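Written below as structure tokens is the structure these notes are about.
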Amino acid sequence: MSTFELLRKQYSHETSIHENKNVTGTVYTPIAIAKKMVYLLLKNHVENSTCHKTFELNDFETVYIQNYLNELPSNDLMAQKLFDYFSVLKILDLSCGSGALLLAYLEFIDYLFILSKEKSIAKLKRILESHIFGVDVEPKAILSLNETLCAYSEQVGLANLKFNLYCLNSLLDDLPILLASFDLVIGNPPYIGEKNNLSWFKPVKETDFGKSYYEGKMDFFYFFIYKGYDYVKRNGSLCYLSSNYFFTADGAKKLRKFIKENFNMVKFLDFGEERVFPDKKLHACVYVLQKKNHHEPIKYGANLAPEKQFEMCDIYHDDGTMGFIVSDKTRHLLSTISREQLGTLGMYYDINQGIVSGADAQFVYMNSEIHKLPPELHQYLKPFYKNSDIDHYKIKSSYERQILYIDSADVNEALTKWLQPYKEKLSKRREVVNGIREWYMLTWPRSERIFTGEKIVVPQRAMSNRFAFVDFPFYASADVYFITANARSPYSLKILTQILNAELYKLWLSHKGKKKGNLLELYATPLKNLPLPRLSESMCDVLAETHGPDLSIDHLLKKSFNLK
Ligand SMILES: C[S@@+](CC[C@H](N)C(=O)[O-])C[C@H]1O[C@@H](n2cnc3c(N)ncnc32)[C@H](O)[C@@H]1O
């Protein structure tokens, strides 16, 4: 193995992942994925370049997929043509780490160089010195990439080259590179949320750049999409590897709008449940965004086979989210439901989140522990269910815990005496510090009416649409949502339970709701957006008489939405 290969391996994902585990956002891209990203990025360039080409798109695909990826030689004349074509492109990685992505690009260039007829060392020198750019805030990363590029240059007989590598903060520093000057931008930017990483976000938020693009609940990597946009040429392409949550996340509204207005999403590779980073639970995807041009995006399978071409309007949904709906039948069904609906669930019913105690250890007790509590406290105890107790239509198990439900300042002395040992801890809760609650109260008890009256309960996250009707006292924490009726509600909660558990709603939530991997996210926003059917009186009568699963319900609902 050459020094170049050895260094590349040493600083790769597989080796460095263990060293860098504790550095937030730093997991280098595995080589196999880097090669797929380079393929999608270059393919897009070849497809859309307006420059004269001496080869066809098919030629590029054959060389990359059939020859290069399988480590087979390709025709020397074709290698020459492709080398000449790519040798003039400029590529940038704004968070390059040890260079997994830039080196994957260079490896393909090197493959073409070795096979090409003419072998122009001058062109190769120019690529290394003037066409490959990397920025990273971590000095060790830049040093390692510099070392690897030196080893490569020496291997091909080029010594003492100076590379365009910068140890700078891409979001804060003025980079010594020209805006809008890159044909290709590639990246696997750091994915981190703001909650536990305020020190990453704060300085960026204080800049003009940060002020323009910051949005609550965003991920740090969104900033790199905006920065990438600044550096990529018009018609140039940006290819990133990141989590796919920004397609539907509430904290990515601004980003989706920006992408819609300034880019075309032209390629998308979803890794589904596949673990791209072995020790990270992350739903990853790769996408190619092309700066301002009109194209029809193509969805790819993990084997790089194109699955389907989309119209732009099909991937940007009316509710502001994005998604690829592959089957025409499903697309038709969902758009008909949107059109024919009576309105959304949020328009006609109240949706509330469960209790936040702020200190479960002091407020929640197992049934077997209740005897330890003074009898004067029993009046405050309420049945406290888990979200896993919720099944389709009904609750599947009885409660194992009870909560001291303290929603008012007016309590007996026995309670304050019982909680006295924890007063200091309970007083540190934000709502107590801010004077909203007394120290012995629950942080967010909500309105007790939602726990005592009739309601539909929903687990915040579930494999399928689990909605249970409950007409007895049912208290639960914030990972359970409560749907209650109000004066505007057109159907009884029993009828609504039949509707929401139908297969049609599972389909709707899978495509138009929010998802984390295979799990449906059933919190306030997706629940409020659920479409309600227009039911005739006779349809209501049928539903009122149906208890539990019944195949005819889907048929009836389809009829109500005017679906054939
Ligand atoms: C997920 S790693 C990916 C590295 C490399 N692109 C790859 O694919 O292997 C993210 C990199 O971003 C770098 N980084 C984080 N914040 C940065 C910033 N503000 N400017 C430049 N680099 C940054 C980290 O040091 C880390 O090397």
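In the range 242-269, what residues are touching a residue at least 40 places away in the same chain (Cβ under 8 Å) and part of a strand (DSSP E or B)? Across the range 242-269, the qualifying residues are Ser242, Ser243, Asn264, Met265, Val266, Lys267, Phe268, Leu269. For Phe108, the conditions (1) open to solvent by less than 20 Å² (accessible area, probe 1.4 Å); (2) touching a His at 6+ places or on another chain (Cβ under 6 Å) are fulfilled apart from (2).
Restricting attention to the range 416-449, the residues being under 37 Å from the mean Cα position of the chain (by Cα) and over 19 Å from Leu373 (Cβ atoms) number 17.
Go through the range 72-143 and tell me which helices (runs of 4 or more DSSP H), entirely inside it, have 3 or more residues that are among the basic types (Lys, Arg) and more than 16 Å from the ligand (Cβ to nearest atom). In the range 72-143, the matching helices (runs of 4 or more DSSP H) lie at 121-126.
Among the residues of the range 483-497, count how many are surrounded by 21 or more Cβ atoms within 10 Å (Cβ to Cβ) and within 31 Å of the chain's Cα centre (by Cα). The total comes to 3. In the range 268-280, the condition of being modelled with pLDDT under 90 and farther than 25 Å from Gly193 by Cβ is met by no residue. Only residues that are in contact with a Lys or Arg (Cβ under 6 Å, 6 or more places away or on another chain), under 22 Å from Leu377 (Cα atoms) and either of a type in the set (Val, Ile, Thr) or not assigned by TED's automatic domain parsing to the domain that holds Ser398 (or both) were counted across the range 441-476, and they come to 1. Against the numbered list (1) in contact (Cβ under 8 Å) with a residue 40 or more places away in the chain; (2) surrounded by fewer than 21 Cβ atoms within 10 Å (Cβ to Cβ); (3) among the polar types (S, T, N, Q), Thr148 comes up short only at (2).
Glu147 - would you say it is within 16 Å of the ligand (Cβ to nearest atom) and in a helix (DSSP H, G or I)? Criteria met by Glu147. Only one of the listed residues (Lys162, Lys233, Lys205, Lys211) is within 16 Å of the ligand (Cβ to nearest atom), surrounded by fewer than 22 Cβ atoms within 10 Å (Cβ to Cβ) and over 21 Å from the mean Cα position of the chain (by Cα). That residue is Lys205. Looking only at residues of the range 239-282 that are farther than 17 Å from Gly228 by Cβ and among the hydroxyl-bearing types (Ser, Thr, Tyr), we find that the one that is least open to solvent (accessible area, probe 1.4 Å) is Thr248.
On the stretch given as the range 165-202, residues that are surrounded by fewer than 13 Cβ atoms within 10 Å (Cβ to Cβ), away from the ligand (no atom under 12 Å from the Cβ) and either assigned to a loop (DSSP other than H, G, I, E, B) or in contact (Cβ under 8 Å) with a residue 24 or more places away in the chain (or both) total 7. Do we find that Lys90 is at pLDDT 95 or above, crowded, with 20+ Cβ neighbours inside 10 Å and not acidic (Asp, Glu) in this structure? In short, yes. Figure legend. Inter-residue proximity from the range 208-226: first residues modelled with pLDDT of 95 or more, second residues among the polar types (S, T, N, Q) and within 11 Å of the ligand (Cβ to nearest atom), beta-carbon distance below 6 Å, spacing 6+ or different chains. Indicated pairs: Phe221/Ser242. With respect to being in the same structural domain as Val470 (by TED's automatic domain parsing), surrounded by 13 or more Cβ atoms within 10 Å (Cβ to Cβ), at positive phi and under 37 Å from the mean Cα position of the chain (by Cα), Tyr399 falls outside the description.
Over 15 Å from the mean Cα position of the chain (by Cα) and open to solvent by 10 Å² or more (accessible area, probe 1.4 Å): is that true of Tyr226 in this structure? No. Checked against the criteria, Gln379 does not count as among the polar types (S, T, N, Q), touching a Leu at 6+ places or on another chain (Cβ under 6 Å) and over 30 Å from Leu507 (Cβ atoms).
Answer yes or no: is there a residue in the range 112-124 that is in contact with a His (Cβ under 8 Å, 6 or more places away or on another chain) and surrounded by 15 or more Cβ atoms within 10 Å (Cβ to Cβ). For the range 112-124, residues in contact with a His (Cβ under 8 Å, 6 or more places away or on another chain) and surrounded by 15 or more Cβ atoms within 10 Å (Cβ to Cβ): absent.
Do the conditions hold for Lys516, that is, is it surrounded by fewer than 22 Cβ atoms within 10 Å (Cβ to Cβ), over 30 Å from Pro375 (Cα atoms) and under 25 Å from the mean Cα position of the chain (by Cα)? The answer is yes for Lys516.
The values are calculated or read from the model by the stated rules, or taken from the named source; none is laboratory data. All figures in this text were calculated on a predicted structure; none of them were measured in a lab. When we count neighbours, we look across all protein chains shown, and the Cβ atoms used for this are built from the backbone with ideal geometry, even at glycine. Just so you know, the surface numbers come from the protein's heavy atoms only, side chains and all, with ligands and any DNA or RNA stripped out. Shrake-Rupley method; radii C 1.70, N 1.55, O 1.52, S 1.80 Å.
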